[in-house]
Amino acid sequence: MSYDRAITVFSPDGHLIQVEYALEAVKKGTTAVGVKGKDVLVLGVEKKSTAKLQDPRTVRKIVQIDDHICMTFAGLTADSRILINKARFECQSYKYYYEDPIGVEYITRYIAKTQQKYTQSVGVRPFGVSTLIVGYDSKGFPKLYQTDPSGNFSSWKASCIGRSEKPVKEFLEKNYVDEMDEEQTVRLTIQSLVEVVESGEKNIDIAIMRKNKPIEFLGRTRIADIVKEFEEEKKRKEEED
Amino acid sequence: MDSLVGFVGKNYVLIAGDTNAGRSIMRLKDDFDKLVPIDSHKILAKSGEIGDGNQFCNLIIRNVSLYRIRNETELTTKSVAHYTRRQLATAIRKNPYSVNLLLGGYDKKDQKGSLYYLDYLGSSKKINYGAQGYAALFVGSILDRFWKEDLDFEDGLELMKKCLREVEKRLIIGTRCFLIKMINSDGISVVEKVMINSKNKNEIEEEN
């Protein structure tokens with residue numbers, strides 16, 4: 001007895017099997033990390049290793065939704081495109097009607113609402129995507145939100161989605177401290193990824209979101225420098241032991 | 001009743017608009033900014049029905065922003081002009097927007113400014129100099145005579161003031177105060193807000 005052909009159906013033990021399958025799809029996606037500092041937000045993603053003949057610049061996982069809001073995702077890239085497009089449109093639509101820039105929670109709610117809609121409609125399947133959304137709220141505080149295929153959303157201090165969710169989350173829980181400055185936040189993000197990403201820092205993208213400033217992607221050399229510092233520190237610790 | 005004047009100079013575009021907002025015989029506002037920035041390097045100068053102008057410009061601005069966010073690149077002035085014209089043309093036989101526009105923009109790629117004349121019927125033309133409203137009647141001949149290609153900024157400003165002086169002198173409806181904006185490689189800047197009183201023998205007072 002399989003209850004996963006029509007997604008509008010509950011299983012006997014109260015599960016929406018399709019939604020859980022969607023979460024499995026997310027767990028197969030490349031890792032994405034978001035960390036909130038005192039007045040900075042950092043997103044880090046594991047880039048899928050590109051084939052030799054592929055142009056790596058066309059594979060972008062951190063995207064701008066509006067001038068002041070960014071997001072990243074884990075799971076089916078094509079599904080995420082739909083969500084990103086809808087979110088971008090909603091941001092401009094909001095500004096059209098209210099003349100104010102959209103709030104981070106508002107757009108998160110919208111994305112989550114969209115994801116939920118597809119778990120309760122005929123003939124469609126859920127989005128196989130979890131998202132991390134960052135931006136500053138109206139009071140100027142940094143905010144990090146996460147949505148998942150079920151349509152749940154919540155605010156986080158630091159979170160991780162995708163392949164290496166468990167080990168990275170454990171690492172973050174152990175090492176996260178409140179009110180980190182920009183340098184510490186960036187280092188924590190890179191450190192959390194570098195352990196789990198195959199082939200190291202070449203496949204990591206880091207983006208920094210500062211208040212009232214456009215998003216900045218950290219340069220290759222800067223990431224490589226920070227990673228080198230970690231490795232030297234690790235070596236020193238091992239020598240001491 | 002609205003007056004808009006614009007022309008292209010050497011690596012800049014100058015656009016001026018009067019700052020009156022009125023309805024029939026009443027002046028509702030005398031500090032109305034009709035030169036709306038679409039993005040960092042483009043201005044849409046609107047004239048005509050105030051409500052239509054607001055709605056239409058808002059529509060264009062939001063769609064240009066959406067394009068920029070989606071495609072991570074800005075549209076050229078030419079593209080925005082064509083897009084705007086398309087919106088006006090599809091609306092004219094359904095729900096017309098009563099707005100006449102001057103679209104001025106600076107394109108970093110070509111390092112050149114450009115000016116477009118658009119009207120509510122859906123016509124669009126790239127122009128070197130032009131005007132909307134009654135001003136066009138007075139200013140057309142001045143610009144025909146004195147506009148040259150690649151005017152530098154001082155000469156351009158002088159020419160603009162010459163035009164505005166004529167509008168103030170000859171247009172029976174009082175439009176004393178004008179806002180002049182410039183678009184160049186650095187973006188949009190307010191050049192001057194001028195109060196013109198032609199009775200003072202062509203003297204122009206600057207306002208802040």
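Miscellaneous remarks
- Area accessible to solvent at A:LYS211, 1.4 Å probe radius, in Å²: 90 Å²
- Rounded to the nearest 0.05, the FRET efficiency derived from the C-beta distance between A:LYS228 and A:LYS38 at R0 = 25 Å is 0.45.
- Both radii were evaluated on the Cα set of the protein assembly as shown; the Rg over Rh quotient, with Rh as the Kirkwood radius, amounts to 1.10.
- Heavy-atom accessible area ranking, 1.4 Å probe, most first, across B:ARG93, B:ARG165: B:ARG93, B:ARG165
- At R0 = 22 Å, FRET efficiency that the Cβ-Cβ distance of B:ARG70 and A:THR50 yields, to 0.05: 0.45
- The residues neighbouring B:GLU154, those whose beta-carbon lies less than 12 Å from its own, together hold a net charge of -1 under the Lys/Arg +1, Asp/Glu -1 convention.
- The relative contact order of chain A comes to 27 percent, based on Cα pairs under 8 Å that sit 6 or more residues apart.
- Each Lys and Arg contributes +1 and each Asp and Glu -1, all at the Cβ; summed about the Cα centre of region B:82-200, the dipole is approximately 580 debye.
- The fraction of accessible area contributed by carbon and sulfur in region B:1-104 is 48 percent, rounded to a whole number (1.4 Å probe; ligands and nucleic acids excluded).
- Fraction of the pair-distance distribution of chain B above 30 Å, Cα-Cα pairs, percent: 17 percent
- Cubic angstrom per residue, convex hull over Cα atoms of region B:1-97: 114 Å³
- Two-site FRET efficiency, B:ALA89 against B:ASP31, from Cβ-Cβ distance with R₀ of 30 Å, rounded to 0.05: 0.40
- Region A:1-91 - percent of accessible surface contributed by carbon and sulfur, probe 1.4 Å: 55 percent
- Unit Cα scatterers, Debye sum, region A:98-163: log10 I(q)/I(0) for q = 0.17, 0.23 Å⁻¹: -0.62, -0.94
- Those residues of region B:51-88 for which accessible area with every protein chain present is at least 50 Å² below the isolated value (1.4 Å probe): B:ASN58, B:ARG62, B:LEU66, B:ILE69, B:ARG70, B:GLU72
- Probe 1.4 Å, protein heavy atoms only - accessible area per residue of region B:1-144 in square angstrom: 47 Å²
- Residue ranking by accessible heavy-atom surface, 1.4 Å probe, largest first, among A:LYS86, B:LYS126 comes out as B:LYS126, A:LYS86.
- Label-point separation, B:SER40 to B:ARG145 (7 Å along Cα→Cβ), nm: 4.1 nm
- Gain on full extension, evaluated as 0.36 nm per residue between A:GLU99 and A:VAL124 minus their Cα-Cα distance, stands at 5.6 nm.
- Mean separation of Cα contacts under 8 Å (6+ apart) over length of chain B, as relative contact order %: 27 percent
- Reciprocal mean inverse distance between Cα atoms of region B:31-153 - Kirkwood radius, Å: 15.1 Å
- Look at the alpha carbon pairs under 8 Å that are at least 6 residues apart: their mean separation over the length of region B:80-175 gives a relative contact order of 20 percent.
- Pairs beyond 26 Å (Cα-Cα), from A:LYS36/A:LYS235; B:LYS126/B:LYS148; B:LYS46/B:LYS78; A:LYS61/A:LYS211: A:LYS36/A:LYS235
- Surface accessible to a 1.4 Å probe, per residue, for the residues of region A:28-97, Å²: 46 Å²
- Put simply, chains A and B cover up around 1100 Å² of each other's accessible surface, both sides summed, when a 1.4 Å probe is used.
- Accessible-area ranking of A:HIS68, B:HIS41, B:HIS82, A:HIS15, largest first, probe 1.4 Å: B:HIS82, A:HIS15, A:HIS68, B:HIS41
The values are calculated or read from the model by the stated rules, or taken from the named source; none is laboratory data. For clarity, every value in this text was computed on a predicted model and none was experimentally measured. In this analysis, Cβ positions are derived from the backbone assuming ideal geometry, glycine residues included, and neighbour counts consider all displayed protein chains. Keep in mind that these areas ignore ligands, DNA and RNA; they rest on the heavy atoms of the full protein, side chains included. Shrake-Rupley method; radii C 1.70, N 1.55, O 1.52, S 1.80 Å.
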